Amino acid sequence: MTHVSIKTHDGSDYSLTEEDIAGLAAGLRGQICIDGDSGFDEARTLWNAMVDRRPGLVIRCAGAADVQKAVKLASEHNLLVAVRSGGHNIAGNAVCDGGLLIDLSTMNSVWVDPHNKTARVEPGASLGDVDKETQAHALALPVGINSTTGIAGLTLGGGFGWTTRKLGMTIDNLISVDVITANGEMMRCSTDENPDLFWALQGGGGNFGVVTSFKFRLHPVGPEVLSGLVIHPLNDAPELLKRYRQIADEAPDELTCWVVMRKAPPLPFLPEEWHGKEVMIFALCYCGDMSEGEKAVAELRALGNPIVDVVSPHPFTGWQAAFDPLLEPGARNYWKSHDFIELSDDAISTILNAVGNLPGPECEIFIAHVGGAMSRVASDATAYPQRKSHFIMNVHTRWREASDDERCVGWARKLFKDVSPYATGSVYINFMPDDEADRVKDAYGENHSRLAGIKTKYDPTNLFRLNHNIAPG
C-alpha cells in the first residue's frame, strides 16, 4: 500500500500515505482500518442488510480524544464523513462509500449513579447495555423496544418506547451531553451551558456534531413489570381496533399497548396451527403497581376471543428484549411511517386491507401507543416537535432476498400513500428511510427554521450531512 484515497464533499479524493496513516494512528487510543483490515467489515456492517457501503478509511474511536482527532481530520480536508454508533438506523446513513467513517461502537460504557438516579452513557452503548446497568438498581430510562438499538441514534432522534407515556421521551430525560462540533471543539451542553445546541440535540439527529457522552435522569421501574402479548385472529381486528382506540384514549400513563399485525411467527406459546397465519397482537406493558396494573389491563384482555394471552409479571430487561428475535441484523428492511392523532375508521380499514396482502412472512405493521407524559411537553421545548400524536404507525417490511426488493418496498409505499389522508403529515425522524429527504421539514415543522439557524452556527459547511439533513440557512 502506498496511499489511501478518501472522498471529499466536492467529489475529489484526499490521499493519505502510509506515513500519514501511521502518524494518525500513533495519536489514537483506538484503531484505524482500511479495506481488508481486521475490524473493517465489522465497522461498516449495519443492522439493515440493504446497506452495503465501503468507506475509504475507518477510525474506530476509543474515547472522546479520538473522536476529536477524526472530526478535525474531516473538517480540515473537507472529507465525506459518516458517524456510526449502534448502526441500527433504517436509513443507513452511518456508513458512506469512499469517505471517512467515524466508528463509536466500541465506546459503550454505562455508569449509573443510583443515589442521584442518573446515568452517563457513551454513544456506542445499546439499549440493552443501558437496561442491564440501570435495572441493577431498579432504575430505568425510557428508551425503545429493541435492545440492540444504539442509544445515540435513538436519543438524537427523540426516543420512545414502553415507558414513554409515564416517563416521557428519551430526550425529555436528557440532562447534558458532551459533543464535538464541526470545528473539532469539545463542548458541554445542557439547559445552562450552550442551551441552543442542547435544544437542537434533543431530536435534531446527527446534524450538529458527534456526541461522546450523554447524561440521563433515571426513574424507579421494575425489576418486574406487568407485560406480555394478547394474540387475536386478524379477522377480528376491525371491531377490536375500534374498541382498542377508546381504551387507549382513556388509559393511565402507566399503561402502554402497541398493536402488531403480521403473519404469526413460530412462538413457543402459540398453537402450531396458527404459525404463519395473519394475526393481530396487543403488546402490553404496565410500569407501575402490579395490582393496579391488573385492573388497568383487564378491559384490553377481555376483548374478543384471543388465541393466547401471555400477560403476566416479567423482568423489565426481558420485556425490553422480547422483540429482539424478530429484529435480528442481517435482513433487508424498509420502513414508512405516519403519525396519527386518532385512528379513524377509514385509517383502520386501509391498514387492515394492506395486512391482508403482506409481501412476506417477516413484514408487519405496528402501531405505537404514545401520548401521556410525552404529550405534556410543549412542541417547541425540544427539537422533536410532534407532541400531539397518540399513535405512531411504522410499516416495517423485512425480507431476505434482493430479488424481493421492488415488491416489498412497493407494498410499503402504497400503504403509506393510501393512509396519508388520515395522518398528521409529521413523522418520527428515526423511522424515515433514506429516500425521504423531502420529509425533513415535515418532521420538524415550525422548529425547522430554528434548527437551520443553529446548524449555520455550529456546522456552516454542512460537514455532518450524512443524516436526515438540516441544511445551514
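The values are calculated or read from the model by the stated rules, or taken from the named source; none is laboratory data. Remember, predicted model here, so these are calculated numbers, not experimental data. No Cβ is skipped: glycine too gets one built from the backbone with ideal geometry, and neighbour counts run over all protein chains shown.
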Which of (1) without any contact (Cβ under 8 Å) to a residue 24 or more places away in the chain; (2) surrounded by 14 or more Cβ atoms within 10 Å (Cβ to Cβ); (3) of a type in the set (A, V, I, L, M, F, W, C) is the odd one out, the single condition Leu240 does not satisfy? (1)
List every residue pair whose Cβ atoms sit under 8 Å apart, with the two residues 6 or more apart in sequence or on different chains, where the first one lies in the stretch 27-38 and is in a loop (DSSP other than H, G, I, E, B) and crowded, with 19+ Cβ neighbours inside 10 Å and the second, anywhere, is hydrophobic (A, V, I, L, M, F, W, C) and at pLDDT 95 or above. Gly30/Ile59; Gly30/Cys61; Gly30/Ala62
With respect to Glu278, determine if the residue is under 29 Å from the mean Cα position of the chain (by Cα), within 15 Å of Ile231 (Cα to Cα) and of a type in the set (Asp, Glu). yes
Those residues of the stretch 412-444 which are of a type in the set (Ser, Thr, Tyr) and not in a helix (DSSP H, G or I), in sequence order: Thr424, Ser426, Tyr428
Right, Ala138: at negative phi and either out of contact with any helix residue (DSSP H, G or I) (no Cβ under 7 Å at 6 or more places or on another chain) or modelled with pLDDT of 95 or more (or both) or not? no
When you go through (1) of a type in the set (Asp, Glu); (2) more than 22 Å from the chain's Cα centre (by Cα); (3) modelled with pLDDT under 95 one by one for Asp418, which number turns out not to apply? (3)
Confirm whether Met107 is surrounded by fewer than 24 Cβ atoms within 10 Å (Cβ to Cβ), at pLDDT 95 or above, in contact with a helix residue (DSSP H, G or I) (Cβ under 9 Å, 6 or more places away or on another chain) and in a loop (DSSP other than H, G, I, E, B). yes
In the stretch 39-71, residue surrounded by the fewest Cβ atoms within 10 Å (Cβ to Cβ) [restricted to those that are farther than 27 Å from Asn333 by Cα and charged (D, E, K, R)]: Lys69
Any hit, the stretch 88-98, residues being among the β-branched types (Val, Ile, Thr), within 23 Å of the chain's Cα centre (by Cα) and farther than 18 Å from Thr461 by Cα: yes
Against the condition in the same structural domain as Arg29 (by TED's automatic domain parsing) and either assigned to a loop (DSSP other than H, G, I, E, B) or closer than 25 Å to Met432 by Cβ (or both), how does His88 come out, does it pass? yes
Per the filter on the stretch 25-53, residues under 23 Å from the mean Cα position of the chain (by Cα) and closer than 16 Å to Ile6 by Cα are Arg44, Arg53
Give the residue that is surrounded by the fewest Cβ atoms within 10 Å (Cβ to Cβ), with candidates limited to residues of the stretch 363-379 that are of a type outside the set (A, V, I, L, M) and closer than 27 Å to Pro421 by Cβ. Ser379
Among the candidates Pro114, Pro123, residue that is modelled with pLDDT of 95 or more and more than 23 Å from the chain's Cα centre (by Cα): Pro114
Positions within the stretch 42-72 being outside any strand (DSSP E or B) and touching a helix residue (DSSP H, G or I) at 6+ places or on another chain (Cβ under 7 Å), in sequence order: Arg53, Arg54, Pro55, Cys61
For residues in the stretch 394-411 being closer than 17 Å to Lys263 by Cα and among the β-branched types (Val, Ile, Thr), which is farthest from the chain's Cα centre (by Cα)? Thr397
The listed residue being of a type outside the set (S, T, N, Q), at pLDDT 95 or above, under 15 Å from the mean Cα position of the chain (by Cα) and not in a helix (DSSP H, G or I), out of Gly153, Gly161: Gly161
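Residue-wise test of (1) surrounded by fewer than 20 Cβ atoms within 10 Å (Cβ to Cβ); (2) touching a Leu at 6+ places or on another chain (Cβ under 9 Å); (3) of a type in the set (Asp, Glu).
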position	(1), (2), (3)
Ala136	yes, no, no
Leu141	no, yes, no
Leu156	no, yes, no
Thr163	no, yes, no
Met169	no, no, no
Asp172	no, no, yes
Thr191	yes, no, no
Does Phe214 satisfy the criteria of being crowded, with 23+ Cβ neighbours inside 10 Å and assigned to a strand (DSSP E or B)? yes
Reported set for the stretch 98-154 where residues are of a type in the set (S, T, N, Q) and free of Cβ contacts under 8 Å to residues at least 40 places away in the same chain is Asn108, Ser109, Asn116
Single unsatisfied condition, Gly473 versus (1) without any contact (Cβ under 8 Å) to a residue 40 or more places away in the chain; (2) assigned to a loop (DSSP other than H, G, I, E, B); (3) assigned by TED's automatic domain parsing to the domain that holds Ile348: (3)
Of these, Ala182, Ala94, which one is in contact with an Asp or Glu (Cβ under 6 Å, 6 or more places away or on another chain), assigned to a loop (DSSP other than H, G, I, E, B) and more than 21 Å from Cys285 (Cα to Cα)? Ala182
Would you check if there is a residue in the stretch 381-400 being over 30 Å from Ala200 (Cα atoms) and either without any contact (Cβ under 8 Å) to a residue 40 or more places away in the chain or surrounded by fewer than 21 Cβ atoms within 10 Å (Cβ to Cβ) (or both)? yes
